[in-house]
Amino acid sequence: MKLKKFAHEASRISAPFRITQGDKFRLKDHDPDATNGLKNKDEAHRLLERGVGMLSQLQEKLYAQDRWGMLLIFQGMDAAGKDGAIKHVMSGINPQGCDVSSFKTPSNEELDHDYLWRTHKLVPERGKIGIFNRSYYEEVLVVRVHSDVLQHEKLPSSEVTKKIWDERFEDINAFERYLTRNGILVLKFFLHLSKKEQKRRFLERLEDSTKNWKFEASDIKERGFWKDYQNAYEAMIQNTATKRAPWYVVPADNKWFTRVVVAFAIVTALNELDLEFPDVQKSKRKELAKIRESLLHEDD
């Protein structure tokens, strides 16, 4: 399938989950079990394979052109499938052109800096795709749900007011606007998982010895704050979904569909950049032609 035709199909499938204006967004309006007419895993796997192949071609041009960079942000509850989506969607990418960063509890050094410091220094360079598995958005999620975390962030008391979440949304929007104005494309994925499916995946991890390592006691603790997290995610999307840095609210109950939507959203965004391999100057082409001739006439 040619790029233009495939890009149209990719846009058709991913567009319904794209949020660019958050004021009317309500999480309850989005079904975590949706597959939007995609019939089964086999069909999804075929589409994903095509998407991965197309993404590989586009990433090669992105790297060669060296004008744009891409930042992909993944957020979601535990067991939402963030690791799996990254693994499968990026499976065809040249490792030299892609970096993955995960963010957990801030270190002492990180707490001595502003909350954007640890992520800003890992923003991808031009020509590369950077992936944040969790990100600075934790500062309006886990920090909002657990007030004691905010108390350990060493902020001056005068700066911790009722407006702090609105102020952080403002800061994040300004940061993402800065990145996009400097040629860093920003796509954000919220993997929308149901509480019922999270329970099933937790039980699977507990009952399968090969998956025990994935489970931590803190996962169950955080599950107890489910409603608080859902409210925090909704507020996050309402306040930070923009045309420059859209959110994709991706149904996550069916991993095979999640991965198709993520892949197709990335393909769509890269395709819209009209990426091309650099045009070699005439003098350079002459030099290359001479080198080619010398190699052809070289004695073996």
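The values are calculated or read from the model by the stated rules, or taken from the named source; none is laboratory data. Just so it is clear, the model here is predicted, and its values are computed rather than measured. So basically every Cβ, Gly included, is an ideal-geometry build from the backbone, and we count neighbours across all protein chains shown. Please note that ligands, DNA and RNA were not included when accessible areas were found on the heavy atoms of the full protein model with its side chains. Shrake-Rupley method; radii C 1.70, N 1.55, O 1.52, S 1.80 Å.
Over the chain, DSSP H runs of length four or greater, each weighted -39,500 (n - 2.57), average out per residue to a 222 nm ellipticity of -15000 deg cm²/dmol. Once backbone amide H atoms are built at 1.01 Å from N, residue 186 has 71 as its partners under 5 Å, excluding neighbours fewer than 5 places away on the same chain. The heavy atoms of residue 256 offer some 40 square angstrom of accessible surface to a 1.4 angstrom probe.
On alpha carbon coordinates alone, what is the Rg over Rh value for the range 218-300, Rh being the Kirkwood radius?
Details: Rg = 25.4 Å, Rh = 18.4 Å.
Computed over Cα atoms, the ratio is 1.38.
Other residues lying with their Cβ under 15 Å from the Cβ of residue 13 contribute a combined charge of +4, Lys and Arg counting +1, Asp and Glu -1. Residues 279, 83, 99 ordered from highest to lowest accessible area at a 1.4 Å probe: 279, 83, 99. Within the set of other residues whose C-beta is less than 12 Å from the C-beta of residue 50, count the net charge using Lys and Arg as +1 and Asp and Glu as -1. Result for the neighbourhood of residue 50: 0. Here the simple spin-label model places points 7 Å from the Cα toward Cβ, and for residue 182 and residue 199 these points are separated by 4.6 nm. Protein-only accessible surface at a 1.4 angstrom probe places the residues 240, 161 in the order 161, 240, largest first.
Which helices, taking whole DSSP H runs in the chain, have alpha carbons extending 15 angstrom or more along the helix axis plus mean Kyte-Doolittle at least 1.0? Walk me through the numbers before you get to the answer.
Working: long enough: 3-14 (16 Å, -0.49); 41-65 (35 Å, -0.75); 164-181 (25 Å, -0.96); 195-207 (18 Å, -2.22); 226-240 (21 Å, -1.27); 255-271 (24 Å, 1.29); 282-296 (21 Å, -1.03).
Qualifying helices: 255-271.
Considering only 246, 16, 32, the mean-square fluctuation computed in a Gaussian network model of the chain, springs between alpha carbons under 10 angstrom, is largest for 16.
Annotation: extensible slack from residue 41 through residue 220 equals 61.5 nm (criterion: 0.36 nm per residue apart, minus Cα-Cα distance).
Computed over protein heavy atoms with a 1.4 Å probe, the carbon and sulfur contribution to the accessible area of the range 183-298 reaches 51%.
Which percent of the accessible area of the range 8-129 is formed by carbon and sulfur heavy atoms (probe 1.4 angstrom)? Provide the component values of the computation, followed by the final result.
Values: 3050 of 6820 Å².
Reported share for carbon and sulfur atoms: 45 percent.
Distance from the C-alpha centroid of the range 75-132 to that of the range 141-209: 13 Å, rounded to the whole angstrom.
Which links in 4/41; 104/195; 2/195; 128/199; 2/87; 39/82 stretch past 28 Å when you go from one Cα to the other?
Values: 4/41 25 Å; 104/195 22 Å; 2/195 40 Å; 128/199 36 Å; 2/87 25 Å; 39/82 23 Å.
From 4/41; 104/195; 2/195; 128/199; 2/87; 39/82, over 28 Å: 2/195; 128/199.
Heavy atoms of the protein chains alone define the surface here; on that basis the chain has 57 Å² accessible area per residue at 1.4 Å probe size. Residue-wise HN-Hα couplings along the range 93-102, as the Karplus relation 6.51 cos²θ - 1.76 cosθ + 1.60 with θ = phi - 60° gives them from phi, are 7, 5, x, 5, x, 8, 10, 10, 10, 10 Hz; Gly and Pro carry x.
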